[in-house]
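Report on the structure given below.
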Amino acid sequence: MSPLRALPRPATLALADGTVYRGNAFGAEAVAAGEVCFNTSMTGYQEIVTDPSYAGQIVTMTYTQIGNVGANPEDDESARPFLAAFVVKELFDAPSNWRARESLDAFLRRFGVAGLAGIDTRALVRRIVAHGFQNGVVSTDPAQQDAERLVAAAKAAPSLDGRDLVAGVTCREPYRWTEGLWTGIAGQIPRAPRPSPGLKVVAYDFGVKRNILRLLVEQGFDVTVVPARTSAADALAHQPDAIFLSNGPGDPAAVEGVRPVVRELADRGLPIFGICLGHQILGLALGGQTKKLKFGHHGGNQPGQDLATQKVAICAENHGYAVDADSLRAAGEPVEITHVNLNDGTVEGLAHATRPVFSVQYHPEASPGPHDAAYFFRRFRDMVVRKKRGEAVTGAAVAKGM
């Protein structure tokens, strides 16, 4: 006789508008509130779960079958998951992959994250697309499944607007990062030599993904990661050749103490490259403003167009806010918009016309996602090398590949 399977635990997702979805629990037994968003990636759920940019959010996967490759330490993008809860259509609880060390269920349980499976995720995504972001509550606690109470809790949950979520995900002390890209089984795949000479970069951790740091290392950078509120003086004490501004969660305008620091570093003429939240903070530092999107861009299939070449890259994105183009123009700073999202025309890249400063909204490091935009790391290195040689290089020229 086969062993009896445990009965599924009940789980509920209640939205602030009163909509209720009932399914089965996995992961930890918990009640978690957050802003409900959806991710359209077909692979890479572990990288999504461990991306600190999802702090404060309940993430729903649009791809229907999740968990088939389990989880392993190499694919973590941070030390632990920061998202509020994880929602899927169908959970595979018996993964089949040679790299798997545990199931997705066990992984989430280990970190105290609630999971919900078995609901109509298509209906949930259509509701978010139609009505925009809203808060929700996921309960995997069998004793807390009352719909009215969960809806009330969703209505009472705080918005992401105005909350400094970076403070909860940034590192506490500076550290060096030396790990490069994973290239397979050790000794079987030869590694290409990294560029030389070595260059020093200080990476501001607003919720940095590890694959960003790996790609900086692959470009020959000596990487020092510093907390989000590191002063300009403390960053300069590391004698960097350049500054990197990382991705991160939440409302960029609410991140405390960062905007004037980035402005000071830019005024000193240091080469600066920003990704995602780092791009938005750079836009704020240069006099622009940010705005909340209706339901954001989350997934590995967003079309980003380079305005100089008109070429389109398929991009990995994860953000609910965007730099407002009109505010940048009104600020009077010589800043060019270099890339846009073809779906809605929002700003996807900006560059300074007289300083070595540029940024992109999307994720050129992928993980998960396509690698179409990985060339930005090479351009960053080229900009730093040219600046160090004494050339009058600008972010606008670099962003255009000049």
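The values are calculated or read from the model by the stated rules, or taken from the named source; none is laboratory data. Since the model is a prediction, treat every value here as computed from it, not as a measurement. Backbone-built Cβ (ideal geometry, glycine too); neighbour counts: all protein chains shown. Heads up: the accessible areas ignore ligands, DNA and RNA and are worked out on the full protein's heavy atoms, side chains in. Shrake-Rupley method; radii C 1.70, N 1.55, O 1.52, S 1.80 Å.
Remarks
- Largest first, the three principal axis extents of the alpha carbons in the range 210-338 are 39, 35, 29 Å in whole numbers.
- Cα long-axis angle, helix 121-131 against the chain (0 to 90 degrees, to the nearest 10): 60 degrees
- Cα-based Kirkwood hydrodynamic radius, the range 213-285, one decimal, Å: 12.6 Å
- The share of accessible area on the range 271-402 that comes from carbon and sulfur is 49 percent, using a 1.4 angstrom probe.
- When the C-alpha to C-alpha distance is required to be over 29 Å, the pairs from Lys209/Lys400; Lys291/Lys388; Lys291/Lys387; Lys89/Lys292; Lys89/Lys155; Lys200/Lys311 that qualify are Lys291/Lys388; Lys291/Lys387; Lys200/Lys311.
- The alpha carbon centroids of the range 95-137 and the range 52-86 are separated by 8 Å.
- When +1 charges are put on Lys and Arg Cβ atoms and -1 charges on Asp and Glu Cβ atoms, the dipole computed for the chain relative to its Cα centre reaches about 540 debye.
- The range 26-89: C-alpha gyration tensor shape, a/c 1.5 cut-off, then a/b vs b/c: rounded
- Ratio of Rg to Rh for the range 82-163: 1.01 [Cα atoms; Kirkwood radius as inverse mean 1/r over pairs].
- For the chain, accessible area per residue (1.4 Å probe, heavy atoms of protein chains only), Å²: 42 Å²
- Which labelled figure in [x] 33; [y] 29; [z] 38 is percent of Cα pairs over 34 Å apart, once derived from the coordinates: [y]
- Inter-centroid distance (Cα atoms) of the range 326-359 relative to the range 196-263, Å: 20 Å
- For the range 1-150: rounded, prolate or oblate by the Cα gyration tensor [a/c cutoff 1.5]: oblate
- Among 268-274, 121-127, the order from most to least packed when residues are scored by Cβ within 10 Å on average: 268-274, 121-127
- Ranking Thr178, Pro8, Gly287 by how far each Cα lies toward the positive end of the dipole of the chain (charges on Cβ) leaves Thr178 at the top.
- Paired Rg and Dmax values of the range 172-269, which use every Cα atom, in angstrom: 14.9, 47
- Carbon/sulfur fraction of accessible area - the range 21-91, other protein chains in place, 1.4 Å, %: 49 percent
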